[in-house]
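Visitor: Got a structure for you, written out below as structure tokens; questions coming shortly.
The values are calculated or read from the model by the stated rules, or taken from the named source; none is laboratory data. Remember, it's a predicted structure, so these values are computed and weren't measured experimentally. Methodologically, a virtual Cβ is constructed for each residue, glycine included, from the backbone with ideal geometry; neighbour enumeration extends over all protein chains shown. The area values use the complete protein model at the heavy-atom level, side chains included, leaving out ligands, DNA and RNA. Shrake-Rupley method; radii C 1.70, N 1.55, O 1.52, S 1.80 Å.
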Amino acid sequence: MYQRVKEYIRRYHMLDGRDRVIAGVSGGADSICLLFMLIELSRESGFSVSAVHVHHGLRGDAADADAAFVKKLCGEQGVELRIFYEDVRGYAREKGLTQEEAGRNLRRENFLRVLEETGGTKIALAHHQNDNAETLIWNLCRGCGLRGLKGIAPAAGVWIRPLLCLKREEIESYLENRGISYCTDESNLTDDYTRNRIRNHVTPYLEQHVNSRAVLHMSETMEQMRLVGEFVEQEVKRYGDMCIRYRDEETEVSGRGRSGALVSGAVLYDAKFQQVPEALRGFVLQEMICRVAGRRKDIGNIHIKILEELLVKQVGRQVQLPYGVCARRCYEGIELFVLPPRESPGETEYELFGDMDEGTLHTCPVEARVFQRTADMVIFPENPYTKWFDYDIIKNTVKIRHREPGDYITIAKDGGTQKLKQYFINEKIPGSLRDKIWLAADGKHIMWIVGYRQNQKYQIAEKTRRILELKFYGGQDDGRKRQSDDFRSGGCEKD
């Protein structure tokens, strides 16, 4: 098994004798196996090994015991160790993430911190073939593109995963045969998380009742998809260079243009875009959005479809995309640009993910995104200026506007409604302020009185599949403070 790992590392050029490797060590079988493999390899190759353990603050005495075990083991092996104590639950609540997502983010932050502080060159993680198969199954079930079919990469930048050539059973057998102890995280045995349910039920069923080599075959398929993905990325770049001109290639605006980093904007030339094979067009559009936005997260098929629809609309039409990116139909095709910082609301109504007239996006006070809900997504934002809504029950294009006659809101779980005017009166909101309060509206049905109340009907439920996130003023209370100042100075007026 050691030789297989050694060959896998060589195949993907993960390590050489000059590296300073930082290993993520939780105390579980996978990470302990990784640590011992790296120690043995370092004796042959000459690279150095240190370890990082992140205490998530979730499992009480059990987590303390894991940290103590890792500290003792690293001391015995002469491996330098740093332990970080984090409040994963609080971080998840603050960022609107699941605890699993929060833990992953905090681990990565601490690994990168140690890498920078110590002059490290590689971060080694203990993912194996079962992890990869679980990731593939999860991605397929949630809906994914080509990237999701590639699974976990063996090596990407500073991140390496030397154990991706092994199954979980092989890792545990390796430790047992050598008398190496490890910790067992009891939370992994529960069905609290989607990944746990896949690990505990789906993968074992496939191996027992479909094919005993199911995990291996999925790993082999992901390897093939990685090769296909590399070819597609090359072709997307080639066709992108043909039909897209990035802003910093035409001006002196700083950016990274063809290198793939941040740019200030882009123009898609429709005539040349029509020469792109249909199978690659979506990839080309997605890459353009990601390059201008500077991020990939939450940019998906819905945004590609928006651009495709924009191409057949009249010149001057605009739509809003994630991260402050605006797309405008121009004579050449589509222009993408990043909106400048907003100063003060100058318009009274905006349509989210819909057509916008020239200039309206520059003052819109809200950011919006749509994403798939996962089964383990149980923590919702508590920020008064960030709200989630059940996207699937929205009947009309969501509008961000001020009050209109006939507006109403559902205020009770049993479906009871109240006219918006009556709500303002009951809450003693001054008349001078009522025309300034922003509303998110589905027709006349008010989904959210920003800074005050969210509609009961649109809240996330068990059946929710897609979520609309609205974030006003960047999720901060700037706007609310302005409204509060008006409230204090305006007295209690009537309509």
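Visitor: Report, by chain and number, residues whose modeled amide H sits under 5 Å from the one on residue 55, excluding near sequence neighbours (fewer than 5 apart, same chain).
Guide: Distant-sequence amide H within range of residue 55: 84, 85, 86.
Visitor: So if I place +1 on the C-beta of Lys and Arg and -1 on the C-beta of Asp and Glu, and nothing else carries charge, what would the dipole magnitude of region 1-151 be about its Cα centre? I want it in debye, nearest 20.
Guide: Working: 22 positive and 21 negative charges, 97 e Å.
The calculation lands at about 460 debye.
Visitor: Please give me the summed charge of the neighbours of residue 465: other residues whose Cβ is under 12 Å from its Cβ, Lys and Arg +1, Asp and Glu -1. Present the calculation step by step, with values, prior to reporting the outcome.
Guide: Values: positive: 142, 373, 463, 466; negative: 390, 392, 462.
Charge balance in the 12 Å sphere: +1.
Visitor: Right, something else. What whole number of Å gives the distance from the Cα centroid of region 155-169 to the Cα centroid of region 300-338?
Guide: Region 300-338 and region 155-169 have Cα centres separated by 39 Å.
Visitor: Also, I was wondering about something else. Dipole of the chain (Lys/Arg Cβ +1, Asp/Glu Cβ -1, origin at the Cα centre): which of 456, 368, 132 lies farthest to the positive side?
Guide: 456
Visitor: Right, next: If packing is taken as the average number of other Cβ atoms within 10 Å across a peptide's residues, how do 173-179, 123-129 rank, most packed first?
Guide: Working: 173-179: 12.4, 123-129: 23.4.
Order by mean packing, descending: 123-129, 173-179.
Visitor: Excluding residue 188 itself, calculate the net charge of residues whose Cβ lies under 10 Å from the Cβ of residue 188, where each Lys or Arg counts +1 and each Asp or Glu counts -1.
Guide: Numbers: positive: 195, 199; negative: 185, 186, 192.
Surrounding charge for residue 188 is -1.
Visitor: Further, regarding this structure: With θ set to phi - 60° and the Karplus curve 6.51 cos²θ - 1.76 cosθ + 1.60, what are the ³J(HN,Hα) couplings of region 323-330 in order, to the nearest whole Hz, using x for Gly and Pro?
Guide: 6, x, 8, 10, 10, 10, 6, 10
Visitor: Can you list the residues, at least 5 places off or on another chain, whose amide H is less than 5 Å from the amide H of residue 81, using H built in the peptide plane?
Guide: Amide H neighbours of residue 81, under 5 Å, 5+ apart: 51.
Visitor: For helix 129-142, what angle does its Cα long axis make with the longest principal axis of the chain, in degrees from 0 to 90 and rounded to 10?
Guide: Helix 129-142 sits at roughly 20 degrees to that axis.
Visitor: Between (1) 3, 16, 23, 23, 19, 11, 4, 1, 0; (2) 4, 17, 23, 20, 14, 11, 7, 3, 0; (3) 4, 20, 30, 28, 15, 3, 0, which matches P(r) over Cα pairs in 10 Å bins from 0, in percent calculated for the structure shown?
Guide: (1)
Visitor: Right, next: Answer rounded, prolate or oblate for region 382-428, using the Cα gyration tensor with square roots of eigenvalues a ≥ b ≥ c: rounded when a/c is under 1.5, else prolate when a/b is larger than b/c, else oblate.
Guide: Numbers: a/c = 1.39, a/b = 1.33, b/c = 1.04.
Rounded.
Visitor: Quick one: angle between helix 2-11 and the longest Cα principal axis of the chain, in degrees between 0 and 90, rounded to 10, please.
Guide: Approximately 50 degrees, to the nearest 10.
Visitor: Taking a probe of 1.4 angstrom, what is the accessible area of residue 305 in Å², to the nearest 10?
Guide: Its accessible surface works out to 110 Å², give or take rounding.
Visitor: Run the reach check for residue 272 against lysines, Cα to Cα strictly under 21 Å, same-chain hits fewer than 8 apart removed. What comes back?
Guide: 237, 305, 313
Visitor: When the helices in the chain are scored as -39500 (n - 2.57) per DSSP H run of 4 or longer and the sum is shared across all residues, what 222 nm value do you end up with, to the nearest 500 deg cm²/dmol? Working shown, then result.
Guide: On the way: 16 runs with 188 residues, N = 495.
So the calculated ellipticity at 222 nm is -11500 deg cm²/dmol.
Visitor: Report the accessible area of residue 425, computed with a 1.4 Å probe over the heavy atoms of all protein chains in place, in Å² rounded to the nearest 10.
Guide: Here the residue's solvent-accessible area equals roughly 80 Å².
Visitor: Rounding to the nearest 20 debye, state how big the charge dipole of the chain is about its Cα centre with +1 on each Lys and Arg Cβ and -1 on each Asp and Glu Cβ. Don't skip to the answer; put the middle values down first.
Guide: On the way: 74 positive and 74 negative charges, 103 e Å.
Dipole magnitude for the chain comes out near 500 debye.
Visitor: Okay, next question. Note the full-extension length gain between residue 212 and residue 298 as 0.36 nm times their separation in residues minus their Cα-Cα distance, in nm to one decimal.
Guide: On the way: separation 86, 0.36 × 86 = 30.96 nm, distance 3.53 nm.
Contour length minus Cα-Cα distance gives 27.4 nm.
Visitor: Might you work out the accessible area of residue 115 for me, using a 1.4 Å probe with all protein chains in place, and round it to the nearest 10 Å²?
Guide: About 20 Å², rounded to the nearest 10.
Visitor: Further, regarding this structure: Work out the FRET efficiency for residue 2 and residue 109 from their Cβ-Cβ distance, taking R0 = 35 Å, and round it to the nearest 0.05.
Guide: Values: r = 32 Å, r/R0 = 0.90.
Approximately 0.65, to the nearest 0.05.
Visitor: If you take every residue apart from residue 51 with its C-beta less than 11 Å away from the C-beta of residue 51, what net charge results, scoring Lys and Arg +1 and Asp and Glu -1? Numbers along the way, then the final one.
Guide: Numbers: positive: 71, 82; negative: 80.
Around residue 51, the charge tally is +1.
Visitor: Which residues' amide hydrogens lie under 5 Å from the amide hydrogen of residue 123, considering only partners 5 or more residues apart or on another chain, with H built in the peptide plane?
Guide: The list, which skips near neighbours in sequence, is 22, 159, 160.
Visitor: For the pair residue 13/residue 71, report the inter-label distance in nm, with labels modelled 7 Å from Cα in the Cβ direction.
Guide: That separation, rounded to one decimal, is 4.1 nm.
Visitor: Which one of 446, 22, 175 is farthest out on the positive end of the charge dipole of the chain, using unit charges on Cβ (Lys, Arg +1; Asp, Glu -1) and the Cα centre as origin?
Guide: Farthest along the dipole direction, towards plus: 446.
Visitor: With θ set to phi - 60°, apply the Karplus curve 6.51 cos²θ - 1.76 cosθ + 1.60 along region 396-413 and write out the HN-Hα couplings as whole Hz, x wherever there is a Gly or Pro.
Guide: With the stated coefficients, region 396-413 comes to 10, 5, 5, 10, 9, 8, 9, 5, 9, x, x, 5, 8, 9, 7, 10, 10, 5 Hz.
Visitor: For region 55-188, what number of Lys pairs, 8 or more residues apart or on separate chains, have alpha-carbon atoms under 29 Å from each other?
Guide: Within region 55-188, the lysine pair count is 9.
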